[in-house]
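One structure is given below, encoded as structure tokens.
The values are calculated or read from the model by the stated rules, or taken from the named source; none is laboratory data. These figures come from a predicted structure and were not determined experimentally. Here the Cβ positions follow ideal geometry from the backbone for every residue, glycine too, while neighbour counts run over all protein chains shown. The accessibility values were calculated without ligands, DNA or RNA, using every heavy atom of the protein model including side chains. Shrake-Rupley method; radii C 1.70, N 1.55, O 1.52, S 1.80 Å.
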Amino acid sequence: MIEGMSLLFWAAQEASTRPLLWRSYALVEDFRLMKNKEWMGEKIDPDEKFSLLDRLRIHGPMFYSDKTRKALKNKLPLPEDPYRRTWTGKKIWEICEDINVQILYKQIYQDVSSWMHWSPSVVGAYIHRKNNHVVYVNIANDKAAMALSSGFQSLIETAAVADSHLSLGFADRLATLRETYIKGLLPTLQSLKT
């Protein structure tokens, strides 16, 4: 959720160009899907393939990977997949830095992401041997609460951006929802401090 919210805020910083990058990158994903289908032996409609490749000739170069750019510069054959891995060309920590939410990345995203991706250093800290058995010590309730809280906050912020951009008229209701959530959260936070 934090990653999606951060990408949305990053795109909104340059609303006339960055959302088009996101939309155009769908062509790269379609290209990869088509290549995978071909590899699996599926028949690809020749007209659809031509149309996709034609559109990639126009929009694809802005998504070329560094390896592809180097090959072009040195007049070498292009890689089979000439495109970068993300539509932004940035890592998530760079996006968070660009929108000035490094604290979300460092204090929440990294930790929650490590749990979601089963990082040995994080999950392993809760696994121990006891009497020749592997035991999982469930003391990570604070991590689960943090993930839920950041997910809710990301949802509210994302809805606020959508409301602002699309003039949906939800601003007052979202503000009330945010305030109610924070009021309900404060007693819990205070009880944790004691």
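Surface composition of region 14-66: carbon and sulfur make up 55 percent of the accessible area, probe 1.4 Å.
Given a Förster distance of 25 Å, report the FRET efficiency between ALA12 and LEU78 from their Cβ-Cβ distance, rounded to the nearest 0.05. Approximately 0.15, to the nearest 0.05.
Put simply, the amide H of TYR83, placed in the peptide plane, has neighbours under 5 Å in SER65, leaving out anything fewer than 5 places away on its chain. Positive end of the dipole of the chain (Cβ unit charges, origin at the Cα centre): among VAL112, MET34, SER164, the Cα lying farthest that way belongs to VAL112. By definition, a body whose alpha carbon gyration tensor gives a ≥ b ≥ c is prolate when a/c is 1.5 or more and a/b is larger than b/c, and region 13-121 fits this prolate description. Between the helical axis of 2-13 and the longest alpha-carbon principal axis of the chain there is an angle of about 60 degrees.
Residues considered: THR176, THR158, THR88. Largest GNM mean-square fluctuation over the chain, using C-alpha springs under 10 Å, is found at THR176. Could you tell me which of ALA11, PRO82, SER121 has its Cα farthest along the dipole of the chain towards the positive end, charges placed at Cβ (Lys, Arg +1; Asp, Glu -1), taken about the Cα centre? Checking the options against the dipole of the chain, the answer is SER121. With protein chains left intact and a 1.4 Å probe, residues in region 80-174 average 69 Å² of accessible area per residue.
Normalising the average separation of contacting C-alpha pairs (under 8 angstrom, six or more residues apart) by the number of residues puts the relative contact order of the chain at 22 percent. Each of the peptides 177-186, 124-133, 3-12 was scored by the mean count of other Cβ atoms within 10 Å over its residues; in descending order, highest first, they stand as 3-12, 177-186, 124-133. For the chain, a/c is not less than 1.5, where a ≥ b ≥ c are the root eigenvalues of the C-alpha gyration tensor, and a/b does not top b/c. That puts it in the oblate class. A straight Cα-to-Cα reach below 18 Å connects LYS70 with the aspartates and glutamates GLU80, ASP81, residues fewer than 8 places away in its own chain not being considered. Check cross-link reach from LYS91 to the lysines: straight Cα distance under 19 Å, and skip same-chain residues fewer than eight apart. Counting by Cα, and skipping residues close in sequence, LYS91 has these lysines nearby: LYS67, LYS106. Considering only LEU148, LEU27, LEU168, the Gaussian network model of the chain with Cα springs below 10 Å gives its largest mean-square fluctuation to LEU168.
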